[in-house]
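The structure appears right after this line, and notes come after that.
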Amino acid sequence: MPYNVGMSHPEIIIPFALPPAEHAKDLVKLLASECGADGLATLLARNYSLQRHRYDDFSAQLPHEMWLAKNYHHNYLKAQCNKLSLHLSDGYWFVVQPVNLHIASNHLVLTDYRQLALSEKDTRDLFEKARTLCQEIGLQLVFGDTVHWFLRADSWSDLITTSPDAACGHNIEIWSPTGKQALAWRKLQNEIQMEWFIHPIQEQRQQRGEKIVNGLWLWSGTLLKQSEHAESNNTIRDYSGVNDIIHTPGSTVLDQLSSAALASDWGTWIQIMIELERDWFKPLCAALKTHQLKQIRLILSNSNTLLDAQIRSNSLRKFWHSTNFNHLVI
């Protein structure tokens with residue numbers, strides 16, 4: 001069931017906090033030497049409940065995305081609309097994100113959209129080209145922010161799509177939308193790509209050493225109804241730190257690790273984990289020890305595994321459980 005924000009049992013969801021199996025032992029050893037055992041190591045080792053769930057490598061969503069959908073009925077499109085205070089008309093909408101597609105041997109691979117670092121000007125110029133082409137075939141494209149646009153396509157409700165983070169680094173042919181209207185989407189995408197290919201922004205980006213924007217990723221198809229607009233579907237909050245959770249209990253997603261993990265930049269991943277240890281794990285551990293929090297739940301994941309750890313203030317008394325990061329090793 002969705003989390004009851006009236007309870008002082010916050011949930012912290014951290015995508016890619018689990019290192020991949022092939023690097024786990026080395027990364028955990030380095031993490032232990034850098035962080036010690038006052039925060040995450042203690043929380044994991046002295047849990048009162050710990051479950052590990054394995055997911056299919058070819059799932060259309062990442063483990064944490066599926067967990068949010070199941071436990072919060074979390075819908076990415078609605079959540080972004082809430083964050084942007086954007087009200088869309090009744091109809092079937094998709095999230096559309098400008099992306100970079102790069103060539104690998106004999107196929108195209110999706111790059112993490114976060115690496116584009118798009119400016120408002122670049123995005124607006126590219127958006128207007130795409131919007132015009134959408135209008136020509138009776139589709140509505142709405143600007144959200146530099147990485148989130150929204151496409152209304154009522155007749156495309158059969159499309160089965162994949163989240164960009166699940167598809168990142170993979171052959172896009174395997175992960176592209178499927179369904180009766182997939183050909184219509186590919187045709188529109190190709191027309192937009194051709195317009196963008198000759199746009200002066202691309203050369204300017206290359207001169208600045210930036211990745212070109214040569215593709216769009218369509219996903220998170222959702223039927224929106226006016227009656228639902230007043231209801232907040234997003235029960236996940238944005239907290240600046242542990243003190244916010246202590247005073248206003250709720251749940252949050254800390255997404256700082258995703259970009260580094262998707263790029264296999266494990267040096268940066270370690271540095272961010274050190275920052276999370278300082279800013280979140282140690283303060284959470286301290287809040288449990290001083291009974292400012294009675295219980296917390298940590299949801300840690302990678303591309304195919306999710307670790308669900310629950311820790312109570314009294315479970316920290318299990319001094320016979322040595323503190324370590326062993327649970328991070330799959």
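The values are calculated or read from the model by the stated rules, or taken from the named source; none is laboratory data. Predicted model only: the values in this text are computed from it and were never measured. Backbone-built Cβ (ideal geometry, glycine too); neighbour counts: all protein chains shown.
Brief remarks follow.
- Residues located in the range 114-128, provided they are assigned to a helix (DSSP H, G or I), touching a residue at least 40 places away in the same chain (Cβ under 8 Å) and surrounded by fewer than 18 Cβ atoms within 10 Å (Cβ to Cβ): R114, Q115, D125
- Search result, residues across the range 161-186 that are outside any loop (DSSP other than H, G, I, E, B) and modelled with pLDDT of 95 or more: P164, D165, A166, A167, T178, A182, L183, A184, W185, R186
- Any hit, the range 253-269, residues being touching a Leu at 6+ places or on another chain (Cβ under 8 Å), farther than 29 Å from K83 by Cβ and modelled with pLDDT of 95 or more: yes
- Only one entry in S259, S313 is within 21 Å of V28 (Cα to Cα) and in contact (Cβ under 8 Å) with a residue 12 or more places away in the chain, namely S259.
- Close pairs from the range 131-147: first modelled with pLDDT of 95 or more, partner among the small types (G, A, S) and part of a helix (DSSP H, G or I), Cβ under 7 Å, at least 6 apart: L141/A130
- When residues of the range 157-193 are limited to those that are under 21 Å from L133 (Cα atoms) and among the aliphatic types (A, V, I, L, M), the one surrounded by the most Cβ atoms within 10 Å (Cβ to Cβ): I192
- Failed criterion for L86 (all others in (1) buried (at least 18 other Cβ atoms within 10 Å of the Cβ); (2) in contact with a Gly (Cβ under 9 Å, 6 or more places away or on another chain) hold): (1)
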